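The values are calculated or read from the model by the stated rules, or taken from the named source; none is laboratory data. Predicted, not measured: the structure shown is a model, and the values here were computed from it. Heads up, the Cβs are rebuilt from the backbone with ideal geometry, glycines too, and the neighbour counts pull from every protein chain shown. In case anyone asks, the SASA skips ligands and DNA or RNA and just uses the protein heavy atoms, side chains included. Shrake-Rupley method; radii C 1.70, N 1.55, O 1.52, S 1.80 Å.
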Amino acid sequence: MRIAVTGAAGRIGRVVCAGLQEGHGHDVVGLDVARAAGVESVDVRDAQALMPLLAGCDAVVHLASIAGETSFETALDTHLRTTHSVLEAMRHASVPRIAYASSNHAVGFTPRATSVSVDVRPRPDTFYGVGKAAAEALCSLYADRHGLRAACLRIGSFRERPTTRRDLSTWLSPGDAVRLVQACVTGPGMDYAVVYGISANTRRWWDLEPGRALGYHPEDDAEAFAGQILATEESDDDRFEARHVGGEFCRPDVPVEEAI
Ligand code: 15L
């Protein structure tokens with residue numbers, strides 16, 4: 001398959017591009033606003049500029065965004081405007097399928113529980129989460145109105161390895177991130193789906209079944225790191241943010257980022 005990846009020079013993008021290319025033999029078109037080796041430099045908010053770059057692609061993996069809290073205006077720009085532009089460019093270039101990097105923060109104020117389904121109401125913990133929830137809705141619109149196939153991946157904590165108590169539930173390993181994206185762009189019949197992007201963590205809060213239905217079978221489990229983390233990190237059970245899946249993002253004083 002020929003697969004375009006936005007945000008290709010970013011933390012997740014670099015891992016996903018390499019995994020799709022070297023691990024699964026896809027032809028990958030890396031796109032990013034930042035200049036990087038092997039990546040086409042483009043502002044993904046510019047649908048006209050995107051269209052020729054998407055010509056002949058079978059799928060888009062849309063990762064480009066600011067991965068944290070911002071002002072409301074920046075959240076609109078970095079999640080809604082980018083996703084709208086990507087979906088419009090896909091429509092004009094006849095690209096049939098998208099895997100959209102949403103976030104657990106679209107439902108961050110959901111209370112922690114042993115199995116949180118993908119059907120909980122949007123419950124963002126930040127403008128970042130609002131942007132992700134709204135961009136999921138845009139993907140749903142393009143699936144229903146234009147027949148695009150869309151998978152929204154509510155990514156947990158993408159890291160080389162888990163380092164906090166919360167990560168024991170929310171970790172997404174690099175290997176599982178590639179497995180997740182590969183399943184969502186090649187997996188069986190689906191028009192629109194929301195899946196949680198986490199590894200097979202023993203202490204997970206999110207339901208993995210919707211991902212499994214698309215062929216995502218995670219192989220890693222943060223539990224392998226639990227002994228070390230629990231021995232060194234104090235329990236956070238009494239803190240307000242520990243009651244919700246979004247953790248620190250639920251704090252009213254969550255730090256704001258602005259840089260692209
Ligand atoms: C996210 O969506 C953020 O992009 C990332 O910075 C992490 O904070 C992650 O969620 C998380 O919840 O751990």
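Things to note:
- Residue check, residue 162 touching a helix residue (DSSP H, G or I) at 6+ places or on another chain (Cβ under 7 Å) and either open to solvent by less than 10 Å² (accessible area, probe 1.4 Å) or more than 16 Å from the ligand (Cβ to nearest atom) (or both): yes
- Elements of type helices (runs of 4 or more DSSP H) in region 108-220, at least 3 residues being of a type in the set (A, V, I, L, M): 127-146, 174-186
- Scan of region 81-96 for residues that are under 17 Å from the mean Cα position of the chain (by Cα), buried (at least 24 other Cβ atoms within 10 Å of the Cβ) and not β-branched (Val, Ile, Thr), ordered by number: 87
- Filtered residue count, region 223-260, keeping only those that are farther than 22 Å from residue 161 by Cα and among the aromatic types (Phe, Trp, Tyr): 1
- In a residue-by-residue description of region 141-152, the property of being at pLDDT 95 or above and within 11 Å of the chain's Cα centre (by Cα) applies to at least one position.
- Subset tally (residues that are among the hydrophobic types (A, V, I, L, M, F, W, C) and away from the ligand (no atom under 15 Å from the Cβ)) for region 226-260: 4
- Residue 189 vs. criteria modelled with pLDDT under 95, more than 16 Å from the ligand (Cβ to nearest atom) and open to solvent by 20 Å² or more (accessible area, probe 1.4 Å): yes
- Each residue in region 1-25 was checked for being open to solvent by 30 Å² or more (accessible area, probe 1.4 Å) and under 16 Å from residue 62 (Cβ atoms), and 6 of them qualify.
- Taking residues in region 148-166 that are under 15 Å from residue 108 (Cβ atoms), and partners anywhere that are more than 10 Å from the ligand (Cβ to nearest atom) and at pLDDT below 95, the pairs with Cβ atoms closer than 8 Å and at least 6 places apart or on different chains are 166/236; 166/242.
- Among the residues here, residue 225 qualifies as open to solvent by 40 Å² or more (accessible area, probe 1.4 Å) and among the aromatic types (Phe, Trp, Tyr).
- Residues that are closer than 18 Å to residue 205 by Cα and away from the ligand (no atom under 12 Å from the Cβ) within region 166-176 comprise 173, 176, listed in sequence order.
- Residue within region 205-213 that is touching a Pro at 6+ places or on another chain (Cβ under 9 Å) and over 25 Å from residue 122 (Cα atoms) present: no
- Of all the residues in region 40-63, those that are within 20 Å of the chain's Cα centre (by Cα) and either open to solvent by 20 Å² or more (accessible area, probe 1.4 Å) or not hydrophobic (A, V, I, L, M, F, W, C) (or both) number 5.
- Looking at 110, 114, 78, just one residue is closer than 22 Å to residue 43 by Cβ and out of contact with any Asp or Glu (no Cβ under 6 Å at 6 or more places or on another chain), and that residue is 78.
- For region 97-124, filtered to residues that are within 13 Å of residue 135 (Cβ to Cβ) and open to solvent by 20 Å² or more (accessible area, probe 1.4 Å), the residue that is farthest from the ligand (Cβ to nearest atom) is 122.
- Residue in region 211-225 that is out of contact with any helix residue (DSSP H, G or I) (no Cβ under 7 Å at 6 or more places or on another chain), more than 16 Å from the ligand (Cβ to nearest atom) and hydrophobic (A, V, I, L, M, F, W, C) present: yes
- Restricting attention to region 125-140 and to residues that are more than 15 Å from the chain's Cα centre (by Cα) and hydroxyl-bearing (Ser, Thr, Tyr), the residue that is farthest from the ligand (Cβ to nearest atom) turns out to be 140.
- Scanning region 26-35 for residues that are more than 21 Å from the chain's Cα centre (by Cα) and open to solvent by less than 60 Å² (accessible area, probe 1.4 Å) yields a total of 0.
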